[in-house]
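Trainee: Pasting in a structure now, in structure tokens, and then I'll have a few things to ask.
Values quoted throughout were computed directly from the atomic coordinates according to the rules given, and no laboratory measurement underlies them. All figures in this text were calculated on a predicted structure; none of them were measured in a lab. As a convention, Cβ positions derive from the backbone with ideal geometry for all residues, glycine included, and neighbour counts pool all protein chains shown.
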């Protein structure tokens, strides 16, 4: 429901294995990270990204430029979705007190926080790879 995306492009002369290890290391604060040989970035979110009212899903890709193998792009997409409990509170709360819809601010704020955290992590990663 509340989607976002962060991406960076960088050029480095470090070996692919080092780049992959650095990507995994810099994204560990979001959960268990693995980068496949095809460049798919899988992140199993930490519990702080799955609350009673919001859950966040991450996916990404690490792509190497075919013409210049020293150039990479890393893209991470995320989606902070209201949980069933959030929808129940929203519907019942709106029906009873006209304020239940405010519970939808929880996943919205989650998306905003995730976007800021990814921005900082990817910026630090880019600095380290330069």
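Trainee: Mind checking which pairs have a first residue in segment 34-52 that is without any contact (Cβ under 8 Å) to a residue 12 or more places away in the chain and a second that is in a strand (DSSP E or B) and surrounded by fewer than 13 Cβ atoms within 10 Å (Cβ to Cβ), Cβ under 9 Å, 6 or more apart or different chains?
Mentor: Here the result reads 34/40; 34/44, each pair linking segment 34-52 to a residue that is in a strand (DSSP E or B) and surrounded by fewer than 13 Cβ atoms within 10 Å (Cβ to Cβ).
Trainee: Find all pairs meeting these conditions: Cβ atoms under 7 angstrom apart; at least six residues apart or on different chains; first residue within segment 95-108 and surrounded by fewer than 13 Cβ atoms within 10 Å (Cβ to Cβ); second residue part of a helix (DSSP H, G or I).
Mentor: 99/93; 101/90; 101/94
Trainee: I need a count of the residues in segment 65-84 that are surrounded by fewer than 14 Cβ atoms within 10 Å (Cβ to Cβ) and in contact with a helix residue (DSSP H, G or I) (Cβ under 9 Å, 6 or more places away or on another chain).
Mentor: Start the filter on segment 65-84 by keeping residues that are surrounded by fewer than 14 Cβ atoms within 10 Å (Cβ to Cβ), which leaves 65-70, 84.
Right, trim to in contact with a helix residue (DSSP H, G or I) (Cβ under 9 Å, 6 or more places away or on another chain) and you get 69.
Qualifying residue count, segment 65-84: 1.
Trainee: Got at least one residue in segment 40-53 being crowded, with 18+ Cβ neighbours inside 10 Å, in contact with a helix residue (DSSP H, G or I) (Cβ under 6 Å, 6 or more places away or on another chain) and over 17 Å from residue 115 (Cβ atoms)?
Mentor: So far as segment 40-53 goes, yes, one or more of its residues are crowded, with 18+ Cβ neighbours inside 10 Å, in contact with a helix residue (DSSP H, G or I) (Cβ under 6 Å, 6 or more places away or on another chain) and over 17 Å from residue 115 (Cβ atoms).
Trainee: Looking at the structure I just gave you, is residue 61 free of Cβ contacts under 8 Å to residues at least 60 places away in the same chain and surrounded by 16 or more Cβ atoms within 10 Å (Cβ to Cβ)?
Mentor: Spelling it out, residue 61 is indeed free of Cβ contacts under 8 Å to residues at least 60 places away in the same chain and surrounded by 16 or more Cβ atoms within 10 Å (Cβ to Cβ).
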